[in-house]
Amino acid sequence: MDRFVDIENISFLDFKNDKAVYDLVSYFLQKGKSKICILAGSESFSCETKAVSGYRKALEEHHIVVNSENIIRTHLTKEAGFRSCLMYLQKKKPDVIITTSHSVTLGVMESLLVMGYHIPKDISIATLGEDNWDKLNNFQHVIS
């Protein structure tokens, strides 16, 4: 589910990651937040490619040049999200970080903490990550 497999006679159900990210980017741009980056998984996953496609489309339609440095491909783990975001934050400070995975979001949150940023005061986070049924998590300031 959510990752297309090219096999005949297989049903496929996906989430419209392209539209979701498009809508998120458009929303933040309307709020005056133009420095937006996305942390996405491998290009071999259709859902990740769609998310990046929605990101690009929203920026282009708002006449903003897409900077490839703001598209961060990473493994979909907490550790990879932490490492990738920490390296990015050493060069740039975005207004918004969009992630495509709950695990990556956890890593991003840790990297922001290490760098002394506050969510959402300094940097907003939005994620397409899995919905959690537990209420004991640190996602109260993350758009999910």
> Of the residues that make up region 91-113, is at least one open to solvent by less than 40 Å² (accessible area, probe 1.4 Å), acidic (Asp, Glu) and at pLDDT below 95?
Replying inline: no
> Does any residue of region 29-43 turn out to be surrounded by fewer than 15 Cβ atoms within 10 Å (Cβ to Cβ) and of a type in the set (Val, Ile, Thr)?
Replying inline: no
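Looking only at strands (runs of 3 or more DSSP E) that lie completely in region 1-113, which have at least 3 residues being of a type in the set (A, V, I, L, M, F, W, C)? Walk me through how you get there before you give the answer.
Values: elements: 36-40, 71-73, 96-99.
Per the criteria, 36-40, 96-99.
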> Here are some conditions: (1) more than 15 Å from the chain's Cα centre (by Cα); (2) under 15 Å from Val142 (Cβ atoms). Leu106 meets all but one. Which one does it not meet?
Replying inline: (1)
> Conditions: (1) at pLDDT below 95; (2) in a helix (DSSP H, G or I); (3) open to solvent by 20 Å² or more (accessible area, probe 1.4 Å). Asp134 meets all but one. Number of the miss?
Replying inline: (2)
>> If the requirement is being modelled with pLDDT of 95 or more and either farther than 14 Å from Asp95 by Cα or in contact with a Phe, Trp or Tyr (Cβ under 9 Å, 6 or more places away or on another chain) (or both), which of these qualifies: Glu69, Glu43?
In response: Glu69
>> Take Phe139 and tell me if it is open to solvent by less than 50 Å² (accessible area, probe 1.4 Å) and either at pLDDT below 95 or assigned to a helix (DSSP H, G or I) (or both).
In response: yes
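The values are calculated or read from the model by the stated rules, or taken from the named source; none is laboratory data. The structure presented is a predicted model; accordingly, all values stated were derived computationally and were not measured. In this analysis, Cβ positions are derived from the backbone assuming ideal geometry, glycine residues included, and neighbour counts consider all displayed protein chains. Areas reflect the complete protein model, heavy atoms only, side chains present, ligands, DNA and RNA absent. Shrake-Rupley method; radii C 1.70, N 1.55, O 1.52, S 1.80 Å.
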